[in-house]
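Structure record follows, encoded as structure tokens.
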Amino acid sequence: MVVRKVITGAFLFCVVTFGAFILFDAALGINEGLSVILAIALGLSTEFLYRKFTV
């Protein structure tokens, strides 16, 4: 169960981070460095919430 939780959390982090980077950089036109920082922050917060609310 723990392994599945870690793998799912890592997958969510990758998907959210990549999607947020594409959104911030390509769609909104924000600076690339700022886009990376914002995407990583969003990915980490998503993984934190997933781990917090998953039994």
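FYI, it's all coordinate maths here, none of it is from the lab. As the structure is a prediction and not an experimental result, all values here were calculated from the model. Here the Cβ positions follow ideal geometry from the backbone for every residue, glycine too, while neighbour counts run over all protein chains shown.
Between helix 2-22 and the chain there is an angle of about 10 degrees, using the helix long axis and the longest principal axis of the Cα atoms.
Where only DSSP H runs of four or more residues are counted, the chain gives -27000 deg cm²/dmol as its mean residue ellipticity at 222 nm, each run worth -39500 (n - 2.57).
The loop-placed chymotrypsin sites (Phe, Trp or Tyr not before Pro) in the chain, going by DSSP, include none that has at most 16 neighbouring Cβ atoms within 10 Å of its Cβ.
Remark: the VAL6-LEU23 segment gains 3.6 nm on full extension, using 0.36 nm per residue and subtracting the alpha carbon distance. Quantify how much of the Cα-Cα distance distribution of the chain extends past 19 Å, in percent. Pairs farther apart than 19 Å: 32 percent.
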